[in-house]
Each structure stands twice: as C-alpha cells, then as structure tokens.
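Shown next, in structure tokens, is the structure this report addresses.
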Amino acid sequence: MGTALIYDEEMTRYKLLWVDPSCKIEVPERLIVSYEALVKSGLADRCVSVPVREATDADILLVHSEEYLQAVKTTPFMTLEEMQDFCAQYGDVYFHPNIYHCATLAAGAALQLVDSVMTGKVRNGMALVRPPGHHSMHNAASGFCIFNNVAIAAQYAKQKYGVKRVLIVDWDIHHGQGVQYCFEDDPSVLYFSWHRYEHQKFWPKLRESDFDSVGKEKGAGFNINLPWNKVDMQNSDYLSIFHHLLLPIAYEFCPDLVLVCAGFDSAIGDPEGEMCATPDIFAHLTHLLMNLAGGKLCAVLEGGYNLTSLAQSVCQTVQTLLGDPPPRPANLDGPCQSTVESLHCVRSTHRQYWSCLKHAADLPTFDVSTKDLSLDESLNSEESKEEHVWPEPPKRLTPAIRAALLLPDGITCPDGCYRQSVSECLDPLIVTKLKENILTDSEDDSNALSTLSSLIDLVEKMEKDEVCSGLALVHDVSKAMKCVVPHAASALKNRVLVICVGDGKVPIHVSEDGKVLMVQLSNKESQEPESRYFIPVCLKKGCSDVSGFIQAILSLLLPLGYEYDPSLVVLVQMSDSGLCESMWLQLTSLLRGLAQGHMLVLMQKGNEACVSPTASSLLGDPAPSLGPLVAPLPENVESVEMLRHRLKADWKLLQTTAQDIG
Ligand SMILES: O=C(NO)c1ccc(Cn2ccc3ccc(C(=O)NO)cc32)cc1
Ligand SMILES: [Zn+2]
C-alpha cells in the first residue's frame, strides 16, 4: 500500500489584503514551495495523488457551531472594510473573499486523507493545506485558522469508521488550543502538543497551555502539553520528548489511527518558532509514529513560515511515509535543562493516568515555573535574531536493494527481497581468518565457510550502500555474530550496535573502544561484568510482559541507539528469545530509524516462520499493533530504572528528571 499526497492549488488563492505585520507570514507561497519541492525531488511521483473535496456543512458541524459556520459563510460577500471588522472580533486571523472556500477544501482534504487510509486505499499520507486548523475553536477563528481540519478529521473517523481511539500529535511550534478544547473531556482522543510557551509569554499566552492541563472529567490524562520555556531547542530535545513521554503513552493508548498536526514552524529558521531542530528530525518523528495503529497515519500541514526549512521538512516527512529509512541524526547532544524540567513536570503530572509513567519521579521540589528571565531572555529582541543557516539535509538515496536475504536452500525468498547467493568463490583471506578465529573442525565446515563468507559479503554491500538491510537464517547465530561483528567493527570502520534478544551467553567480548555497543534483552540476570558498552537488560517473563518490553525499547534502547548513532545495527534473535512476533516486528521496525536502515538481522534456523514478517519490516512495512497494553511488571520497571540510573552518567539521552542533568 502506498502514501497519499493531497494538494490543490486552489488553496493558494487567498492572501492578506491589508497591512498587518503579525499576519504577513502566512502566504500562498508556503504551499507552492512545499509541493514544488516534492515534485522536484521525485517524491510526489512516488505518492498516490488523492483529490481534495469540499467539507460539507455536516462535516464542519462535527466541531464548529451553526452560528460560526453561518458567519464565516457571509465573508465572501463582504467589503474589505466589513472583512476587517469581522476579523477584529477574533483577532490573530485574517479573512479573504476566497478563504471560506479554501477552508472547506483544507478540511475536506483532511477527510479525503482519512477516507483513503481507513478504506485501505493507502497506508498513510500527507495533506498540504491552508488555511491551517489547530487554533480554530467551536465558535471562533484564531491564529490563521478557520476550521479545525484535524479535529474535524478525528470526529469524522470516529463517526464514519467507528474508530475507538485517535492519537493526535501536534508537532507545530504553537499550542493547538482549538484541538485541546474540542477533546478536553474525550478519552477516545489523545491530544499531544509541544509548543513554545516561555512561561506564558508566547502566543497565544494561555494558562491552559501549560503542562498541568491534562484534560477534564473522563478525558483526564488524555491531553498532554509539553511547554518549551526556551527557544533554540534542538534535535536531541525533540527526540527526548518522543522517547520519554509521547511514545510510551502512545503505545499504552494503542490508537487505531494517528493524525498529525504537521506544523513545521518547529524547524530551524522559522521566524515564529526560533528553534534549531533540523528538517531531517521530522523523518525520525514520522518514523517513530509509523508503527502505531498498524501504520495508519494522516499528516495535515499546519504552520511553517521559513519557505526553505518548510519545503525540506515536508520532503523529509513524505519520504519517510513512503518507507525510506530516516537519515542518520546529526551529532546528537543531550536535552537541555529547560527541556528536562518540562519533561519532568509533564511525566510526574501524568503519572497517575499512565502505567508506563508509574515510576516517574515526583514533581521537582524547586519551583520550575521560576521565570528565570536570565540575560538571554532580553536578547530575544529584534536585533539579536541572527539568521540561522543549516546544511541541506543529506540526499536520502535509497539503495537499489532494500532487503537482501541469505537463506538456506528450500526456504522461499519473500516478495520484494533479493536473495543473497551463497558465495562459491571464497576470498582466501577471509577463509583463513574464519578458519583461525571461528571455525572449529566441525563437519559442515565447507557449508559454514560459505555461509559466513556470504554474510561478510552482505555486510560489505551494506557498507557500500548497495544494500540497505539484510537478513540471514543460519545454523548457528553465535558463530555468525563472531564472524560479522568484528569484521564490521574493524575492517569497515563501523560503529556497530548489536542487539541480542534472548538468553544465552553472548559470544563476543565487547572492548571498551566504543566500536561495538552490545545490548542484550533477556529474561535472566546476566553474569557478564557490566561495562559502558555491554548493557544487559533483564526482563522477566520476556514476551508475556509486552508493555515492560516495549517501554524498555522506547525509553532505554532507542535513546541509547540514537546517542550511539551506529553505522550498522546487528539484531540477533538468539535461540529461545521467547519474544512474540508482534513485539519482534516492533523492535525491528523501530531500529530501522538508526544507521539509515543498515540493519543485519541474524536468525537461528528453526525460526523460518518469522522470516517473511521480518523481511516486510525491513522493506519499510509498519509493524502490527501490539494491542492495548496492561501495566508493565513492577520488577521489569525496576530493573529498567536501575539500569537507566547506572547509565545516565554516560548516556545523556537517558535523562528524564531535573536532577539527572546534574
Ligand atoms: O503558525 C501558527 N500556528 O500554528 C501561528 C499562529 C498564530 C500566530 C500569531 N499571529 C497570527 C496573527 C496574529 C495577530 C496578532 C498576534 C499577537 O501576538 N497579538 O498579540 C499574533 C498573531 C503565528 C503563527
Ligand atoms: Zn504554528
């Protein structure tokens, strides 16, 4: 299934008709440069083009009042004077004779996207629309928004498709207060928004945009606000919030549909956001959301005013929706102090609603809302806003082969995958090395020899970007590891992240030079000595504690992996991993976000049944949903927290509380 792209140039045919400095950033060119970038990069051609439609009155009335709709319907016939008066009642928005029509198309585009995804015509998609929607309310326009496109889409999905749970992720830099108000008491819609707040000094300057607005009545816990109290937030800050706040709750909520208020004013260069996160971060944010709801994800454009970073961010998002692995994240730092404070506050506020946060620390003792108007605050005036420059995101060339499989004879190679031949011509150099280090005088020497040298061949093709990912079903995964990992780490100058799932002694001693980071996920305490580069994660009852496992992946393994930033990931399914298939596929899919998708999966013979589903993960297909999660086993929560406590000195992306930052 493909990716829908919805765009219609009619939505470029309205603009500001009078002088208003606050409104002049919202221009038609926003849509034009975004669409043109998709066309120029060849991404538009890879998408399924879906036409817009006009939202009907009934669609709009899912969120807005009759009076408001009737009032907006009169605007096309107003004089300029009347229109300016009409805007004054709302403030922070402008009207145009054609804006009502465009607002019905923007909302209709979101509905077309929901239809395309819910009927299975496409897997996911993006709608490039204006006017945006997330600020508009039941009875009022606000912040350039006329109808709340995404809120209408959520109500529509519930009504028409019986969707039980909708997750709305609002990564725009402004708080979508319109969405918050719409679903405040509704536990079937989880609204997550991060937004520039600066202790209520930033537009729309609402008290209810702070972290303590959690929803009300039955909706308590289903509204999550993450305030940015400083500008210049970076990729690390955004990833920390996803790993330690949004994703754990999102997996526990287990949505049937994910809607994204995809505003790109949170990207570097934007005059409104004044943040420093680079456009490629949206590839990771998209990727991290794509394994929820079986991949049913609808992204709808909101803000974004720097035409360069907007176009780049839109391309990064769409290319990831198409299944291409995200680019390696540029040198990540840890989250800044302000981020960790906000994270700490939100996690402790939501601890009572979400079992994944049960172990979250109490509200910090010091008063986090101290308006630390330190010197730099005053420097935020006009003259100090230096122009940000950033490198164009790296070309995400997708290797000709997305997945190469090394399989024993008799096992069929799944569709879309390339079968790596067991190499006949053995490289004598490699043969000697293998004979010395790995092969015993076992009887199947020749067989083992050819398999292992084909493995090395496969890794070398990945190194040369001829192959994106690989999968090998072998007799003995330990031997395979002993052959591949040292070769990859030394010969190919890689940083190799090795993830062993299952019990059993890992056959590799990890040196302290940092070229290999080994994480073992098993349900037995490890006897190995602890070290910075060997991390044993003990999860009792492995598979049965699915929520314990996924929480360990999201808030321990992923932050480690992103900070380590490997050029190759080796995922080993030890013999008795005891992991259920859906958990294994979530792990495989999530890890594809690292090393630009260069992942080699080693599976023990006997797991034939898992080959095809794993291969589809490597091809970019989203993993099946895990289903609603129950509370994780307390002892697993404990062991993961103990591990985090030990590791956070070395790994900054593991920080979740203000004390952590030291
Ligand atoms: O992109 C966005 N949302 O996603 C977004 C939303 C709102 C604004 C700010 N804005 C837009 C018109 C306007 C008028 C006055 C003020 C003002 O500050 N008055 O005090 C602010 C205003 C910028 C961007
Ligand atoms: Zn915005």
task: Please find, among ASP265, ASP237, ASP270, the residue that is touching a residue at least 60 places away in the same chain (Cβ under 8 Å) and more than 16 Å from ligand 2 (Cβ to nearest atom).
output: ASP237
Residue tally, condition away from ligand 1 (no atom under 13 Å from the Cβ), of a type in the set (Gly, Ala, Ser) and touching a Cys at 6+ places or on another chain (Cβ under 9 Å), over the stretch 113-137: 3
- prompt: Taking into account only those residues within the stretch 12-56 that are open to solvent by less than 50 Å² (accessible area, probe 1.4 Å) and of a type in the set (Asp, Glu), which is modelled with the highest pLDDT?
  reply: GLU26
message: With the condition being within 16 Å of ligand 2 (Cβ to nearest atom), I'd like the helices (runs of 4 or more DSSP H) fully within the stretch 72-176 carrying at least 3 qualifying residues.
response: 149-161
Of the criteria (1) buried (at least 21 other Cβ atoms within 10 Å of the Cβ); (2) within 16 Å of ligand 1 (Cβ to nearest atom), which one TYR181 fails: (1)
message: Kindly evaluate ALA267 against the criterion of being in the same structural domain as ASP232 (by TED's automatic domain parsing), within 16 Å of ligand 1 (Cβ to nearest atom) and either charged (D, E, K, R) or within 30 Å of VAL163 (Cβ to Cβ) (or both).
response: yes
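Taking the stretch 604-662 as the search range and keeping residues that are small (Gly, Ala, Ser) and without any contact (Cβ under 8 Å) to a residue 60 or more places away in the chain, which one is farthest from VAL572 (Cα to Cα)? So that I can check it myself, show each step before the final result.
Within the stretch 604-662, the subset small (Gly, Ala, Ser) is 606, 609, 612, 615-617, 620, 623, 625, 627, 631, 639, 649, 658, 662.
Next, only the ones that are without any contact (Cβ under 8 Å) to a residue 60 or more places away in the chain stay: 606, 609, 617, 649, 662.
On the way: GLY606: 14, ALA609: 16, SER617: 15, ALA649: 27, GLY662: 35 Å.
Looking at residues that are small (Gly, Ala, Ser) and without any contact (Cβ under 8 Å) to a residue 60 or more places away in the chain, I get GLY662.
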query: Can you tell me how many residues in the stretch 72-89 are over 12 Å from TRP18 (Cβ atoms) and open to solvent by less than 30 Å² (accessible area, probe 1.4 Å)?
result: 3
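Residues being within 12 Å of PHE222 (Cβ to Cβ) and either open to solvent by 10 Å² or more (accessible area, probe 1.4 Å) or free of Cβ contacts under 8 Å to residues at least 40 places away in the same chain (or both): count how many of those fall in the stretch 184-200. Can you show your working first?
Filtering the stretch 184-200 for residues within 12 Å of PHE222 (Cβ to Cβ) gives 184-192.
With the extra rule that they be either open to solvent by 10 Å² or more (accessible area, probe 1.4 Å) or free of Cβ contacts under 8 Å to residues at least 40 places away in the same chain (or both), the set shrinks to 184-189, 191.
Number of matching residues: 7.
I'm trying to understand the selection: among the residues of the stretch 623-647, which are open to solvent by less than 30 Å² (accessible area, probe 1.4 Å) and not β-branched (Val, Ile, Thr)? Talk me through it step by step, then tell me what you get.
Residues of the stretch 623-647 open to solvent by less than 30 Å² (accessible area, probe 1.4 Å): 623, 627, 629, 632, 636-637, 640, 643-644, 647.
Matches in the stretch 623-647: ALA623, GLY627, LEU629, PRO632, ASN636, LEU643, ARG644, LEU647.
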Residue match in the stretch 446-458 (condition: free of Cβ contacts under 8 Å to residues at least 12 places away in the same chain and in a loop (DSSP other than H, G, I, E, B)): no
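Test ASP59 against the criterion of being modelled with pLDDT under 95, crowded, with 16+ Cβ neighbours inside 10 Å and either in a helix (DSSP H, G or I) or on the phi > 0 side of the Ramachandran plot (or both), and give yes or no. Lay out the reasoning, then the answer.
On the way: modelled with pLDDT under 95: no; crowded, with 16+ Cβ neighbours inside 10 Å: yes; either in a helix (DSSP H, G or I) or on the phi > 0 side of the Ramachandran plot (or both): yes.
Considered against the rule, which asks whether it is modelled with pLDDT under 95, crowded, with 16+ Cβ neighbours inside 10 Å and either in a helix (DSSP H, G or I) or on the phi > 0 side of the Ramachandran plot (or both), ASP59 comes out as no.
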statement: The residue from LYS605, LYS515, LYS541, LYS524 that alone is at positive phi and assigned by TED's automatic domain parsing to the domain that holds LYS464 is LYS541
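Just to check your reading of the model, which residue among LEU17, LEU80, LEU113, LEU31 is in contact with an Asp or Glu (Cβ under 9 Å, 6 or more places away or on another chain), touching a residue at least 12 places away in the same chain (Cβ under 8 Å) and assigned by TED's automatic domain parsing to the domain that holds ALA157?
Details: LEU17 fails: in contact with an Asp or Glu (Cβ under 9 Å, 6 or more places away or on another chain); LEU80 fails: in contact with an Asp or Glu (Cβ under 9 Å, 6 or more places away or on another chain); LEU113 fails: in contact with an Asp or Glu (Cβ under 9 Å, 6 or more places away or on another chain).
Only one candidate passes the filter, namely LEU31.
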- request: Select the helices (runs of 4 or more DSSP H) contained entirely in the stretch 573-647, then report the ones holding at least 2 residues which are among the basic types (Lys, Arg).
  value: 634-647
message: Against the definition (crowded, with 24+ Cβ neighbours inside 10 Å, away from ligand 1 (no atom under 16 Å from the Cβ) and either in contact (Cβ under 8 Å) with a residue 40 or more places away in the chain or among the small types (Gly, Ala, Ser) (or both)), how does ALA141 come out, yes or no?
response: no
statement: Over the stretch 191-221, the set of residues more than 16 Å from ASP172 (Cα to Cα) and either among the hydroxyl-bearing types (Ser, Thr, Tyr) or within 19 Å of the chain's Cα centre (by Cα) (or both) is SER213
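The values are calculated or read from the model by the stated rules, or taken from the named source; none is laboratory data. Bear in mind that the values here come from a model prediction, so they are computed numbers and not experimental data. So basically every Cβ, Gly included, is an ideal-geometry build from the backbone, and we count neighbours across all protein chains shown. Areas reflect the complete protein model, heavy atoms only, side chains present, ligands, DNA and RNA absent. Shrake-Rupley method; radii C 1.70, N 1.55, O 1.52, S 1.80 Å.
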